[in-house]
Amino acid sequence: MLRRLGAVVLSCLSLLAVSGCALAPVAPEAGAPEAASGWTAKPGWPARKFIAVAAHPLATRAGYEILGEGGSAVDAAIAIQMVLTLVEPQSSGIGGGAFLLHANAREVQAWDGRESAPRRATQGLFLQSDGRPMGFAEATVGGRSVGTPGVLRMLEQAHREHGRVPWARLFLPAIRLAEQGFPVSARLAALLKRDRGLREDSEAGSYFFGPDGQARPAGYLLKNPALARSLQRIAGEGADAFYRGQIAAAMVAKVASHPRNPGLLREDDLMSYRALKREPLCGEYRQWRVCGMPPPSSGGIAILQMLGMLETTAIARLGPISGQPQQQAVHLFAEAGRLAFADRARYVADTDFVPLPGGSPVALLDKAYLARRSSMIGDTSLGTAAAGRPLAAPVAMGQDQSPGLPSTSHISVVDADGNAVTMTTSIERAFGSRLMVNGFLLNNQLTDFSFLPADRDGPIANRVEPGKRPRSAMSPTLVFDRSTGELVLAIGSPGGPAIINYVAKALVGVLDWGLDVQQAIDLPNFGSRNGPTELEAGRFPPGFADSLRARGHAVVSIEQTSGLHGIQRMKRGRGEQWFAGADPRREGVAMGE
């Protein structure tokens with residue numbers, strides 16, 4: 001088995017430089033977090049002892065190495081993240097943040113490494129002098145959008161509890177690749193070719209582009225000695241080497257010195273940052289227990305709301321036919337999505353600053369409340385749904401209008417003891433703020449806040465406030481069998497607010513329709529974010545959209561560049577094994593034994 005798995009990874013590695021294990025790149029859809037880069041069928045990967053799946057073969061290999069040395073799921077996730085910082089810089093890295101769920105035989109833990117707003121930030125951070133919000137591109141490029149990075153503090157704390165392999169060892173694969181170089185993949189080359197803001201930063205410009213100004217082509221051996229030095233310091237001194245001293249000072253200087261759009265990040269923001277262990281958000285769906293992230297992620301609440309509404313419908317009997325979703329299933333799923341997104345926009349933000357109705361997620365996830373919401377789903381589309389009132393008294397809150405276009409990656413790992421990690425990690429828009437320092441890119445996560453602090457209905461929950469964490473759609477998810485307590489599925493995805501629909505689609509595919517995780521990932525993407533009903537371009541037959549329009553749906557066909565990576569417990573004869581799936585829309589693979 002190991003030989004076959006390794007052959008698949010090596011085959012994909014050799015193709016990355018030529019084709020990204022994908023068809024020729026296609027034009028990006030306006031508003032998509034990252035451009036589409038084609039489709040490559042993935043086989044799904046079985047393993048009996050341990051397995052890891054990540055967005056790039058070199059990152060997966062790093063996690064596999066650590067698992068093979070007896071490392072824990074957390075150890076493997078750290079090694080994977082460090083390599084992703086190098087080989088997938090558009091999506092995540094040490095200059096960003098992450099959410100991580102960890103499960104062992106005793107408990108589920110939720111780790112919050114989300115970026116936070118600088119202490120000097122105000123509610124007018126993204127307002128122009130006339131009070132109107134800035135344009136998204138204007139706000140993104142430069143220091144204004146940079147939040148205090150959180151992923152390293154989070155990983156260090158998780159490692160203290162669950163690490164088996166020494167911290168420094170986990171950085172060696174990334175350091176080695178940064179020094180020796182890695183082949184630029186077709187996906188990275190295509191994204192670089194389309195980007196303009198990176199050229200304006202001297203460090204990013206000289207790293208990602210040649211002397212002629214052209215983007216590094218696919219197959220180019222790209223070395224990053226600056227990142228190697230940063231990782232060596234962090235490996236030897238711990239996360240303090242990032243949050244204090246030379247690296248911290250360099251980040252602050254880069255943010256403050258942007259000529260057009262300086263930011264507010266200062267060294268005291270970095271020194272005072274704390275990763276948080278939060279109570280995981282778990283709910284029941286049929287015979288399963290589904291656990292996700294609580295706020296400031298909106299993913300856990302929205303997915304549990306969607307599942308709670310769908311549980312009262314016939315969706316379980318509407319499985320795909322020859323891999324094609326049925327129209328009624330898409331209708332039900334889209335309507336549940338628009339109802340959940342309506343509540344998300346009204347109520348969900350960093351609960352350390354803005355409480356949910358009733359002070360906890362209970363009111364939004366109450367079965368009776370969700371049954372009332374579900375009863376609004378009829379034969380025709382709701383169009384734009386209104387937020388519900390989970391409590392008798394109305395809540396005076398404004399409607400969030402944050403752009404929400406994060407560029408993100410996802411990691412799923414199960415170690416030899418059955419411990420699991422599902423971690424979604426991000427720098428927000430592709431290539432973040434376009435600021436590079438010491439070999440890594442800085443996030444633009446502050447643009448995940450609402451640019452407007454209030455509207456005529458009241459203050460907007462996701463407004464900017466000092467120290468606050470911007471609301472996220474990242475949705476790392478764990479599913480357990482309620483009768484046995486066994487882990488059934490670990491999954492998550494990148495994709496901006498559409499992450500919620502991507503993950504919910506995969507959950508319905510596995511839990512309701514009996515698909516394996518690879519088949520569920522492969523399904524066409526679809527859903528609604530309380531706007532149009534979105535269908536993945538080129539994946540639905542002629543007439544499908546018209547049939548939905550006849551039911552009142554405003555339908556758009558767009559590229560939906562999910563990056564679903566999941567691991568499922570599978571029954572095989574008298575035994576069990578793990579089975580991992582990777583999204584054919586991106587470069588990811590799994591590896592295990």
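The values are calculated or read from the model by the stated rules, or taken from the named source; none is laboratory data. Just so it is clear, the structure is predicted and the values come from calculations on it, not from any experiment. A quick note on method: Cβ atoms are made from the backbone with ideal geometry, for glycine too, and the neighbour counts reach across all protein chains shown.
Could you say whether any residue in the range 280-293 is buried (at least 24 other Cβ atoms within 10 Å of the Cβ) and more than 20 Å from Ala336 (Cα to Cα)?
no
Residue-wise test of (1) crowded, with 23+ Cβ neighbours inside 10 Å; (2) outside any helix (DSSP H, G or I).
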position	(1), (2)
Arg169	no, no
Leu172	no, no
Arg176	no, no
Arg187	yes, no
Ala190	yes, no
Ser206	no, no
Gly213	no, yes
Leu227	yes, no
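Quick one: which residue in Leu507, Leu535 is closer than 22 Å to Cys291 by Cβ and either surrounded by fewer than 21 Cβ atoms within 10 Å (Cβ to Cβ) or hydrophobic (A, V, I, L, M, F, W, C) (or both)?
Leu507
Find the residue count for the range 295-324, including only residues that are without any contact (Cβ under 8 Å) to a residue 60 or more places away in the chain and either of a type in the set (Phe, Trp, Tyr) or on the phi > 0 side of the Ramachandran plot (or both).
Count: 1.
Here is a list of conditions, (1) in a helix (DSSP H, G or I); (2) surrounded by fewer than 21 Cβ atoms within 10 Å (Cβ to Cβ); (3) at pLDDT 95 or above, and Gly358 meets all of them except one; can you say which number that is?
(3)
Considering only the range 344-359, state which residues are within 14 Å of Asp457 (Cβ to Cβ) and not aliphatic (A, V, I, L, M).
Arg346, Tyr347
Looking at Arg260, Arg233, Arg289, can you tell me which residue is without any contact (Cβ under 8 Å) to a residue 24 or more places away in the chain and either in a helix (DSSP H, G or I) or basic (Lys, Arg) (or both)?
None of the others qualify; the one that does is Arg233.
Of all strands (runs of 3 or more DSSP E) completely enclosed by the range 486-593, which ones contain at least 2 residues that are over 15 Å from the mean Cα position of the chain (by Cα) and aromatic (Phe, Trp, Tyr)?
Working: elements: 487-492, 526-528, 533-536, 555-558, 565-572, 575-582, 589-592.
Strands (runs of 3 or more DSSP E) meeting the threshold: 575-582.
With Tyr273, Tyr207 as the choices, which residue is farther than 27 Å from Val421 by Cβ and in contact with a strand residue (DSSP E or B) (Cβ under 9 Å, 6 or more places away or on another chain)?
Working: Tyr273 fails: farther than 27 Å from Val421 by Cβ.
Testing whether each residue is farther than 27 Å from Val421 by Cβ and in contact with a strand residue (DSSP E or B) (Cβ under 9 Å, 6 or more places away or on another chain) leaves just Tyr207.
Would you pick out the residues in the range 55-111 that are under 24 Å from Gly485 (Cβ atoms) and among the basic types (Lys, Arg)?
Across the range 55-111, the qualifying residue is only Arg106.
Could you list, ordered by first residue, the pairs with Cβ atoms under 6 Å in which the first is in the range 513-535 and closer than 18 Å to Ala490 by Cβ and the second is assigned to a helix (DSSP H, G or I) and not hydrophobic (A, V, I, L, M, F, W, C), at least 6 apart or interchain?
Correct list of pairs: Leu515/Gly509; Ala520/Gly509.
Looking at (1) under 14 Å from the mean Cα position of the chain (by Cα); (2) aliphatic (A, V, I, L, M); (3) surrounded by fewer than 24 Cβ atoms within 10 Å (Cβ to Cβ), can you tell me which one Ala473 breaks?
The one condition Ala473 does not meet is (3).
Determine whether Ala416 is assigned to a loop (DSSP other than H, G, I, E, B) and either at pLDDT below 65 or touching a helix residue (DSSP H, G or I) at 6+ places or on another chain (Cβ under 6 Å) (or both).
No; evaluated as a whole, the condition is false for this residue.
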